[in-house]
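A.B. asks: Have a look at this one.
The values are calculated or read from the model by the stated rules, or taken from the named source; none is laboratory data. Just so it is clear, the model here is predicted, and its values are computed rather than measured. Note that we place each Cβ from the backbone using ideal geometry, even for glycine, and neighbour counts take in every protein chain shown.
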Amino acid sequence: MRRNEVWKGCAAGIAGGLAATLVMTGFQNAWNAVAEKSRDNSRKTNGNGMRSISQQLAEIRYGESPTQTEQKDSEKENPTEKVAGKVVSVVGRQLSPESKKTGGMVVHYAFGALMGGLYGTALEFAPSWHRRNAFPSGLLMGSALFAAADEVALPAMQLTERPSKTPMSMHAYGLASHLVYGATAGLLTRLFRNAM
């Protein structure tokens, strides 16, 4: 009987995935704000006019000041913006930097909703344990999504660096973001599905 209502699982998953993407985005914004504050603190001198150790190390490592490195990093497109640009380029158009940011957000939310829909659909066929235990089931989905998307698919499509060239802090950021997404999607998908 449950298999006849797959559409309900899919719809609940889409709604859960969309809401989870919103929560994940908030988490990422908070993470980035804390990282920016940490960078700002490391830029300050230690009171005797000397540069901080992290500033000196950045200059040695990159051959330039941390501010120059951060400017280069901020100029890099994020993978969702690259996808948005490629999608629009199919019709022979180019996106402005502002449009790329908007397009990147559309791709981000659409992908989150799609993955939520797949998750909700899969739950209709999964053992009942996964439906009853939404939090661990969602964490499992989030970690699998991190491994498949961030660690395999994006580097394979040359949208990000290879995992071996990515700093550990970025792996931690990606995993934490996807765990937040997965846990939220799991809980909300179950909530929405039970309401149907």
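A.B. asks: Only one of these is buried (at least 16 other Cβ atoms within 10 Å of the Cβ), out of contact with any His (no Cβ under 6 Å at 6 or more places or on another chain) and among the aromatic types (Phe, Trp, Tyr): Phe125, Phe111, Phe146. Name it. It would help to see each step written out before you state the result.
C.D. replies: Working: Phe125 fails: buried (at least 16 other Cβ atoms within 10 Å of the Cβ); Phe146 fails: out of contact with any His (no Cβ under 6 Å at 6 or more places or on another chain).
Result: Phe111 is the single residue among Phe125, Phe111, Phe146 that is buried (at least 16 other Cβ atoms within 10 Å of the Cβ), out of contact with any His (no Cβ under 6 Å at 6 or more places or on another chain) and among the aromatic types (Phe, Trp, Tyr).
A.B. asks: Continuing with this model, one more query. Checking Ala185 against (1) within 17 Å of the chain's Cα centre (by Cα); (2) farther than 22 Å from Gly16 by Cβ, which test does it fail?
C.D. replies: Only one criterion in (1) within 17 Å of the chain's Cα centre (by Cα); (2) farther than 22 Å from Gly16 by Cβ is unmet by Ala185, namely (2).
A.B. asks: Another question, then. Just for segment 92-111: of the residues that are more than 22 Å from Leu22 (Cα to Cα) and of a type in the set (S, T, N, Q), which one is farthest from the chain's Cα centre (by Cα)?
C.D. replies: Restricting to residues being more than 22 Å from Leu22 (Cα to Cα) and of a type in the set (S, T, N, Q), the top hit is Gln94.
A.B. asks: Going by the structure shown, is Ala113 assigned to a helix (DSSP H, G or I), of a type in the set (A, V, I, L, M, F, W, C) and without any contact (Cβ under 8 Å) to a residue 24 or more places away in the chain?
C.D. replies: Numbers: assigned to a helix (DSSP H, G or I): yes; of a type in the set (A, V, I, L, M, F, W, C): yes; without any contact (Cβ under 8 Å) to a residue 24 or more places away in the chain: no.
No; evaluated as a whole, the condition is false for this residue.
A.B. asks: Considering only segment 128-143, state which residues are crowded, with 16+ Cβ neighbours inside 10 Å, touching a Leu at 6+ places or on another chain (Cβ under 8 Å) and in contact (Cβ under 8 Å) with a residue 24 or more places away in the chain.
C.D. replies: The answer is Arg131, Ala134, Ser137, Gly138, Leu139, Gly142.
A.B. asks: For segment 139-169, give me each residue that is among the hydroxyl-bearing types (Ser, Thr, Tyr), modelled with pLDDT under 90 and either under 22 Å from Leu18 (Cβ atoms) or not in a loop (DSSP other than H, G, I, E, B) (or both). Walk me through it before giving the result.
C.D. replies: Going residue by residue through segment 139-169, those that are among the hydroxyl-bearing types (Ser, Thr, Tyr) are 143, 160, 164, 166, 169.
From the residues that got through so far, the ones that are modelled with pLDDT under 90 too are 160, 164, 166, 169.
Correct list: Ser164, Ser169.
A.B. asks: Within segment 3-21, can you find the residues that are closer than 21 Å to Leu187 by Cα and free of Cβ contacts under 8 Å to residues at least 24 places away in the same chain? Spell out the reasoning first.
C.D. replies: Pass one, segment 3-21, residues closer than 21 Å to Leu187 by Cα: 3, 5-21.
The one that is closer than 21 Å to Leu187 by Cα and free of Cβ contacts under 8 Å to residues at least 24 places away in the same chain: Trp7.
Yes/no matrix, rows are residues, columns are (1) modelled with pLDDT of 90 or more; (2) assigned to a loop (DSSP other than H, G, I, E, B); (3) not β-branched (Val, Ile, Thr):
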| site | (1), (2), (3) |
| --- | --- |
| Thr69 | no, no, no |
| Lys72 | no, no, yes |
| Ser99 | no, no, yes |
| Val106 | no, no, no |
| Tyr119 | yes, no, yes |
| Ser137 | yes, no, yes |
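A.B. asks: Whether any residue in segment 84-98 is crowded, with 20+ Cβ neighbours inside 10 Å, closer than 19 Å to Ala156 by Cα and not small (Gly, Ala, Ser) is what I want to check. Explain how you work it out, then say what you get.
C.D. replies: Within segment 84-98, the first condition is being crowded, with 20+ Cβ neighbours inside 10 Å, and the residues that meet it are 84.
If we keep only those that are closer than 19 Å to Ala156 by Cα too, we end up with 84.
After this cut, where a residue has to be not small (Gly, Ala, Ser) as well, the list is none.
The answer is no; no qualifying residue exists.
A.B. asks: While we're on this one: Of all residues in segment 152-187 being under 22 Å from Lys82 (Cβ atoms) and touching a Gly at 6+ places or on another chain (Cβ under 8 Å), which is surrounded by the fewest Cβ atoms within 10 Å (Cβ to Cβ)? Spell out the reasoning first.
C.D. replies: Taking segment 152-187 as the starting set, the residues that turn out to be under 22 Å from Lys82 (Cβ atoms) are 152-167, 169-171, 173-175, 177-178, 181.
Narrowing the set further to residues that are touching a Gly at 6+ places or on another chain (Cβ under 8 Å) leaves 178, 181.
Values: His178: 25, Tyr181: 28.
It comes out as His178.
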